[in-house]
Amino acid sequence: MAGKLTVFLTLLLCWSAPALAGEVRIFAAASLNNAMKEISSQYRQKHPGVDFVENYAGSGTLARQVDAGAPADLFVSANPRWIEYLRERGLLAPETIGVLTHNALVFVARKETAVSSLAETAHLQRIAIGSPNSVPAGEYARQALETAGLYENLAAAGALVFAKDVRQALMYADRGEVDGAFVYRTDALLAPHATIRFVVPKALYPQVTYPMALTALGAKNPEAQAFFVYLKGDEAMAVLEKHGFKVN
């Protein structure tokens, strides 16, 4: 019991601690992991006094962490829902809310899975998607399947395997633990074994949008403000484009 209490108090102190001088705390959707790490590394080379504390997970998971008191300076979601969730709670600087980039939903599978269209997924036994309640990629996938009239039957058959984030869904497909997975195009490009079998028709789900904002804490952090401006510049956009994201 004493050990658990010590761990809890340690976490509480970490969550309530203010940012150190020169520190920027990023909470970003799991699908941004590689691109954002490259951008922050690139920024650090020009600003060696800046340190980044980076947290990547499902957007809903991150939003709930911020709501629970986890200190963050910058929040980037994979859909507008979780930006709105934090805005309604007064945890964002509303004047900073904007769109960082866009993505597309695809279906990936290993070569042994014969599928080339959304309709053909109706015959698969195990399909990985992010948990729709906290993972935007899973929410987009559910919307596409519902629009196509497939979701209810797949769910009733127990064919849907829910992942904690889009990277876990990709991992399941890449390892062959499921027949395939709905993931973002940018994630699919990272898989060593699974390949894109089809692009989900855009008419079936909302555009994949990555809104971002400074938190109320971040709006008071000069380093976070400077990095936020950098994220909207040409150098950061070039990195996002290199990783397969769509930039305006």
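Just wondering, is there one or more residues in segment 215-222 that are more than 16 Å from Ile39 (Cβ to Cβ) and without any contact (Cβ under 8 Å) to a residue 12 or more places away in the chain? Scanning segment 215-222 turns up at least one residue that is more than 16 Å from Ile39 (Cβ to Cβ) and without any contact (Cβ under 8 Å) to a residue 12 or more places away in the chain. Considering only residues in segment 108-118 that are within 26 Å of the chain's Cα centre (by Cα) and not β-branched (Val, Ile, Thr), the one that is surrounded by the most Cβ atoms within 10 Å (Cβ to Cβ) turns out to be Ala109.
Inside segment 191-215, can you point out the residues that are in contact with a Gly (Cβ under 9 Å, 6 or more places away or on another chain), hydrophobic (A, V, I, L, M, F, W, C) and either within 30 Å of Ala226 (Cα to Cα) or assigned by TED's automatic domain parsing to the domain that holds Gly98 (or both)? Once the filter is applied, which keeps residues that are in contact with a Gly (Cβ under 9 Å, 6 or more places away or on another chain), hydrophobic (A, V, I, L, M, F, W, C) and either within 30 Å of Ala226 (Cα to Cα) or assigned by TED's automatic domain parsing to the domain that holds Gly98 (or both), segment 191-215 yields Met212, Ala213.
Each row is one residue, and each column tells you yes or no for (1) farther than 30 Å from Ala194 by Cα; (2) of a type in the set (A, V, I, L, M, F, W, C).
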{"position": "Ser41", "(1), (2)": "no, no"}
{"position": "Arg44", "(1), (2)": "yes, no"}
{"position": "Gly60", "(1), (2)": "no, no"}
{"position": "Pro80", "(1), (2)": "no, no"}
{"position": "Ile83", "(1), (2)": "yes, yes"}
{"position": "Glu88", "(1), (2)": "yes, no"}
{"position": "Pro94", "(1), (2)": "yes, no"}
{"position": "Lys111", "(1), (2)": "no, no"}
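Restricting Ala72, Ala156 to those that are aliphatic (A, V, I, L, M) and in contact with a helix residue (DSSP H, G or I) (Cβ under 6 Å, 6 or more places away or on another chain) reduces the list to Ala72. What about Leu105, is it out of contact with any Ser or Thr (no Cβ under 7 Å at 6 or more places or on another chain), at pLDDT 95 or above, closer than 18 Å to Met171 by Cα and surrounded by 17 or more Cβ atoms within 10 Å (Cβ to Cβ)? Judged against the criteria, Leu105 is a match. Condition check: of a type in the set (Ser, Thr, Tyr), without any contact (Cβ under 8 Å) to a residue 12 or more places away in the chain and not assigned by TED's automatic domain parsing to the domain that holds Gly60. Does Tyr151 satisfy that? Yes. Here Ala141 fulfils each of the conditions (1) outside any strand (DSSP E or B); (2) touching a helix residue (DSSP H, G or I) at 6+ places or on another chain (Cβ under 7 Å); (3) small (Gly, Ala, Ser); (4) buried (at least 24 other Cβ atoms within 10 Å of the Cβ) apart from (2).
The values are calculated or read from the model by the stated rules, or taken from the named source; none is laboratory data. Nothing here was measured: the structure is a model prediction, and the numbers come from that model. Please note: Cβ atoms are built from the backbone with ideal geometry, for glycine as well, and neighbour counts cover all protein chains shown.
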